[in-house]
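Here the structure comes first, spelled out in structure tokens, and everything after it is commentary.
The values are calculated or read from the model by the stated rules, or taken from the named source; none is laboratory data. Just so it is clear, the structure is predicted and the values come from calculations on it, not from any experiment. Methodologically, a virtual Cβ is constructed for each residue, glycine included, from the backbone with ideal geometry; neighbour enumeration extends over all protein chains shown. The protein model used for the area step is the full one, side chains on, heavy atoms only, and it has no ligands, DNA or RNA in it. Shrake-Rupley method; radii C 1.70, N 1.55, O 1.52, S 1.80 Å.
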Amino acid sequence: MPPLPGGCYCGAIRYTITLSDPATEARTSLCHCGACKRFTGGNYGITTKIPRAAFALDRGRSSVRVHEARNASGVRLHREFCGTCGGSLLEYGENAGDNIYVFYGTMDDHARGQVEPKGEFFCKLRDPWMPEIEGLFHKDEIKN
């Protein structure tokens, strides 16, 4: 499978995701929790779960900053972003194991088509004007 490139808004940081089979090694999902909404500035967060070993930082290591906070489930999250433009890159938490969650919008256009969303989390907190996305799994919350 071709690599999945991406980066921050200003281009200071670039990365490559290498997966042999994105359909089985990646899971893209939307999260409607308040922490994701606040961090992304949107009505949901959208990330792609991948093995940490599949992610390579190609440029901009010195621009990476980390913010730590608890998510809606009370798990401490580490969110990496660009110190120059503030663009989010990825997150990982205490329960992530050997996985990271790359912010979907940071992937280049052609890469996102290989890892389309499979589900939605914290659906009980979905904004009332946003419809449920058909064909995806839906969970009202995440239990630790």
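Data table
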item: Tally, over the stretch 73-83, of residues that are within 17 Å of residue 49 (Cβ to Cβ) and either modelled with pLDDT of 90 or more or within 15 Å of the chain's Cα centre (by Cα) (or both); result: 4
item: Some residue of the stretch 8-18 being touching a Pro at 6+ places or on another chain (Cβ under 9 Å), open to solvent by 10 Å² or more (accessible area, probe 1.4 Å), touching a residue at least 12 places away in the same chain (Cβ under 8 Å) and not hydroxyl-bearing (Ser, Thr, Tyr); result: yes
item: Selected residue (criterion: nearest to residue 97 (Cα to Cα)) from residues of the stretch 18-77 that are acidic (Asp, Glu) and out of contact with any Lys or Arg (no Cβ under 7 Å at 6 or more places or on another chain); result: 25
item: Candidate set from the stretch 112-129 (those that are closer than 19 Å to residue 24 by Cα and of a type in the set (D, E, K, R)); member that is least open to solvent (accessible area, probe 1.4 Å); result: 120
item: Near pairs, Cβ below 6 angstrom, 6+ apart or cross-chain, from the stretch 53-73 (of a type in the set (A, V, I, L, M)) to any residue that is surrounded by 12 or more Cβ atoms within 10 Å (Cβ to Cβ) and not in a strand (DSSP E or B); result: 54/18; 54/19; 72/33; 72/35
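Let's see how each residue does on (1) in a strand (DSSP E or B); (2) under 13 Å from the mean Cα position of the chain (by Cα); (3) modelled with pLDDT of 95 or more:
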| position | (1), (2), (3) |
| --- | --- |
| 85 | no, no, yes |
| 90 | yes, yes, yes |
| 96 | no, yes, no |
| 102 | yes, yes, yes |
| 142 | no, no, no |
